[in-house]
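Have a look at the structure below before the remarks.
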Amino acid sequence: MRSNIAAPTRRLFLGAIAPVVTAVALGPAVASIAVVGDSLAAGCPFRALSPRPFDVMNLAKGGARLAHIAGQLERAQRSGARRFIIDGGLNDLLGGAPIRDIERDFRGVLEVLNPGAPAIFTLMPYIAQSEAAPRIDAANAMMAELCRERGIEVLDLNPHVSLNGVRRAEMSDDGLHFTPRANAVWIAALREKLSDQLFV
């Protein structure tokens, strides 16, 4: 069936609506969810949290310490992100930082976050070496308390990825980083922990 609309007019109409169709299909140009953290977060496919492919930006970097993560958070907020997924502290702890220094730098991360901004902080998971568990427990307790004081959601993956203070074998190939199975657990836990409002 032939159109009654003249070809030049039809081309003009299609050209005008193309950007609108593209915007609807791709979602917002600015990511509304930002991920900041270390190699655990850098290696997790957090884009699965949103049906819109460009709605999640991941600024996490391997080796990042808390001081670096504060910088990631500043960049995320300057980019216009409104919701935040944060992890970190394990590089500081494994690098020998005392708990008091981890507390100081974690406070620095929280001070960067805009007051009232929706955020979730994932506590440090245990690693393959059980001797690290007491320091991880001490740091996690401190960080969880600071988050609660700020109204920040806290997620503890350890019941799902560890046993008796040691990372479960299927949750890590090297005793430190997450396997795809552990990443899936993390994403599922985020969906369960947070309201759907974070991801729409």
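The values are calculated or read from the model by the stated rules, or taken from the named source; none is laboratory data. The structure presented is a predicted model; accordingly, all values stated were derived computationally and were not measured. Quick reminder, even Gly has a Cβ in these numbers, built from the backbone with ideal geometry, and neighbours come from all protein chains shown.
For the range 75-103, which positions are in a helix (DSSP H, G or I) and either closer than 21 Å to Val35 by Cα or touching a His at 6+ places or on another chain (Cβ under 9 Å) (or both)? Steps first, please.
Kept after step one, since they are in a helix (DSSP H, G or I), are these residues of the range 75-103: 75-78, 90-94, 99-103.
Correct list: Arg75, Ala76, Gln77, Arg78, Leu90, Asn91, Asp92, Leu93, Ile102, Glu103.
Residues of the range 47-74 being of a type outside the set (Gly, Ala, Ser), outside any strand (DSSP E or B), modelled with pLDDT under 95 and in contact with a strand residue (DSSP E or B) (Cβ under 8 Å, 6 or more places away or on another chain), which ones? Even if it seems obvious, please write down each step before you answer.
First, the residues of the range 47-74 that are of a type outside the set (Gly, Ala, Ser): 47, 49, 51-59, 61, 65-66, 68-69, 72-74.
Subsequent filtering for residues that are outside any strand (DSSP E or B) retains 47, 49, 51-55, 59, 61, 65-66, 68-69, 72-74.
Next, only the ones that are modelled with pLDDT under 95 stay: 47, 49, 51-55.
Across the range 47-74, the qualifying residues are Arg47, Leu49, Asp55.
With the structure loaded, tell me whether Ala138 is without any contact (Cβ under 8 Å) to a residue 24 or more places away in the chain, assigned to a helix (DSSP H, G or I), among the small types (Gly, Ala, Ser) and out of contact with any Gly (no Cβ under 8 Å at 6 or more places or on another chain) or whether it fails that test. Working first, answer last.
Details: without any contact (Cβ under 8 Å) to a residue 24 or more places away in the chain: no; assigned to a helix (DSSP H, G or I): yes; among the small types (Gly, Ala, Ser): yes; out of contact with any Gly (no Cβ under 8 Å at 6 or more places or on another chain): yes.
It is false that Ala138 is without any contact (Cβ under 8 Å) to a residue 24 or more places away in the chain, assigned to a helix (DSSP H, G or I), among the small types (Gly, Ala, Ser) and out of contact with any Gly (no Cβ under 8 Å at 6 or more places or on another chain).
Among the residues in the range 125-132, are any farther than 17 Å from Ala60 by Cβ, of a type in the set (Gly, Ala, Ser), in a helix (DSSP H, G or I) and more than 18 Å from the chain's Cα centre (by Cα)?
Quick first cut of the range 125-132, residues farther than 17 Å from Ala60 by Cβ only: 126-132.
Filter again for of a type in the set (Gly, Ala, Ser), leaving 128, 130, 132.
Pick out the ones that are also in a helix (DSSP H, G or I) and you get 130, 132.
Still in the list and also more than 18 Å from the chain's Cα centre (by Cα): 130, 132.
Yes, the conditions are met somewhere in the range 125-132.
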